[in-house]
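To start, the structure under review is shown below, and the notes come after it.
The values are calculated or read from the model by the stated rules, or taken from the named source; none is laboratory data. Here the structure is a predicted model, which means the values were calculated and not measured. A quick note on method: Cβ atoms are made from the backbone with ideal geometry, for glycine too, and the neighbour counts reach across all protein chains shown.
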Amino acid sequence: MLIGDYGEIKTFEDLKTEIIDVDLCAGCGTCAAFCEAIEMDGDTPKMVGDCVLVRGALKCGTCYTVCPKRSNGDATIIEKFLSREKRDELFGNYVGVYAVKATNQDIVAKAQDGGAVSAIIHHLLSTGAIDCGVISQRDEKWRASPLVVTAPEDVTKGSGTRYAVSPNVEMLGEVIKDEKLRVAIVGTPCQVKGVRNLQSKLLEVIEDIEILNIGLFCTENFRYDSFIEYMTPRLEEGGLRIEDVTKTEITKGKFFFRSPKGDVSLKIAELEPIIPTNCRNCIDFSAELADISVGSVGAPNGWSTVITRNSRSDEIVKKMIEEGLFEVQDVNIKIVHMLCKNKRKRLEKEEAGE
């Protein structure tokens, strides 16, 4: 910690001590997004140069300030970015709730559930409403990494779910530095908050910037190395290698590895040993601070639940429905509520030492 002309300034070393070293880091890449001295090493931020404070700057501490795992200010974020028209006690502020399914069959064939996220980004790129999308992709061993897409036909390269951390917010910094200022970014609730912190504390001075923050419903995510180490023997028992897997999904209380050679599944409870501490300490299931939140729970099989949280995002979804890009049904809100409650209860049990 440094004491300068601007008072107490917390640095990356404080972030490392308070967040990274105690397994609270979400691996989102927010701290690395605009700092040349920080890079993501897989899902862990590392110093790769001299901090500007060390070089004599009077004030910075941005990496510490924008970290979604230590910063507060949710009320300010809601005030700035979300509608206060309606508020649900469990899933937050919203304008509309829809169950949708993309009508683009190429998207449906490659995407998870109803393909809502892929369809939204495809539509925004097709209409020129955004310069790029920041999504994630995977390699053959299911390691996740950020992917920037600028053409609608490339959106499906990131389709599907990867249950491993991808530092998408770090890539947001790269596209903005490249003067792509109209961006749709997809992330988990912690990544959503990282983006909001950047918008509130660093990016608000850029007049032309427009970020559409698309949040994913999330119970937990996994660090890649521990995920693979834990899953490999279970796959081998079923005669599979990780390279054989073509799809992963959670449904009916089980985690499934899908493969042309057959499926391997395990109960969700069996994943307990590899849930990171940062996920255990999180109560945000529905990405409450996003512009649009998307998941499968509450929607019919093969469909997506979409929660719009401000007028801009609601207009996007309604337009896609009107233009026939989405089929639409009602959502079973009770199921969404149940998952929100379950995530909050897990933290209560953690705090109680159960």
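Some observations on this one:
- Scan of segment 69-107 for residues that are crowded, with 18+ Cβ neighbours inside 10 Å, closer than 18 Å to Pro152 by Cα and not polar (S, T, N, Q), ordered by number: Lys101, Ala102, Ile107
- Residue match in segment 164-182 (condition: assigned to a helix (DSSP H, G or I), farther than 24 Å from Lys69 by Cβ and either touching a Lys or Arg at 6+ places or on another chain (Cβ under 6 Å) or among the polar types (S, T, N, Q) (or both)): no
- Residues (in contact with a Phe, Trp or Tyr (Cβ under 8 Å, 6 or more places away or on another chain) and part of a strand (DSSP E or B)) located in segment 139-150: Ala144
- Test: Asp88 is of a type outside the set (A, V, I, L, M, F, W, C) and in the same structural domain as Thr11 (by TED's automatic domain parsing): no
- Just one residue in the set Met338, Met320 is touching a His at 6+ places or on another chain (Cβ under 8 Å), modelled with pLDDT of 95 or more and not in a loop (DSSP other than H, G, I, E, B); that residue is Met320.
- From Lys101, Lys141, Lys157, Lys110, residue being of a type in the set (Lys, Arg) and at pLDDT 95 or above: Lys101
- Segment 237-256, residues that are charged (D, E, K, R) and exposed (fewer than 13 other Cβ atoms within 10 Å of the Cβ): Glu237, Glu243, Lys252
- Boolean, Gln112 is in the same structural domain as Gly302 (by TED's automatic domain parsing), of a type in the set (S, T, N, Q) and not in a strand (DSSP E or B): yes
- Set side by side, the residues Asn213, Asn221 differ, and just one is crowded, with 19+ Cβ neighbours inside 10 Å, at pLDDT below 95 and outside any helix (DSSP H, G or I), which is Asn221.
- Selection status of Val317, buried (at least 17 other Cβ atoms within 10 Å of the Cβ) and in contact with a Leu (Cβ under 9 Å, 6 or more places away or on another chain): no
- Residue match in segment 272-288 (condition: touching a Phe, Trp or Tyr at 6+ places or on another chain (Cβ under 8 Å) and surrounded by fewer than 14 Cβ atoms within 10 Å (Cβ to Cβ)): yes
- The residue list Asn278, Asn301 contains one member that is among the polar types (S, T, N, Q) and either part of a helix (DSSP H, G or I) or not assigned by TED's automatic domain parsing to the domain that holds Leu216 (or both), which is Asn278.
- Contact map, segment 30-45: first residue farther than 16 Å from Thr62 by Cβ and in the same structural domain as Ala144 (by TED's automatic domain parsing), second residue at pLDDT below 95 and among the hydroxyl-bearing types (Ser, Thr, Tyr), Cβ cut-off under 6 Å, separation 6 or more or different chains; the map is empty.
- Set Ser200, Ser136: member being touching a Ser or Thr at 6+ places or on another chain (Cβ under 6 Å), crowded, with 16+ Cβ neighbours inside 10 Å and either assigned to a strand (DSSP E or B) or among the hydroxyl-bearing types (Ser, Thr, Tyr) (or both): Ser136
- For the residues Ser226, Ser259, Ser265, the requirement of being polar (S, T, N, Q), closer than 29 Å to Ile120 by Cα and surrounded by 14 or more Cβ atoms within 10 Å (Cβ to Cβ) singles out Ser259.
- In the set Glu249, Glu270, only one residue is touching a strand residue (DSSP E or B) at 6+ places or on another chain (Cβ under 7 Å), at pLDDT below 95, over 23 Å from Ile20 (Cβ atoms) and not hydrophobic (A, V, I, L, M, F, W, C); that residue is Glu249.
- Residue that is β-branched (Val, Ile, Thr) and more than 16 Å from Val95 (Cβ to Cβ), where the choices are Ile275, Ile292, Ile333, Ile307: Ile275
- Meets criteria (in a loop (DSSP other than H, G, I, E, B) and either of a type in the set (A, V, I, L, M) or modelled with pLDDT of 90 or more (or both)) for Ala33: yes
- Filtering segment 216-227 for residues that are without any contact (Cβ under 8 Å) to a residue 40 or more places away in the chain and out of contact with any Cys (no Cβ under 7 Å at 6 or more places or on another chain) leaves an empty set.
- Segment 66-81: number of residues that are of a type in the set (D, E, K, R) and more than 19 Å from Val22 (Cβ to Cβ): 3
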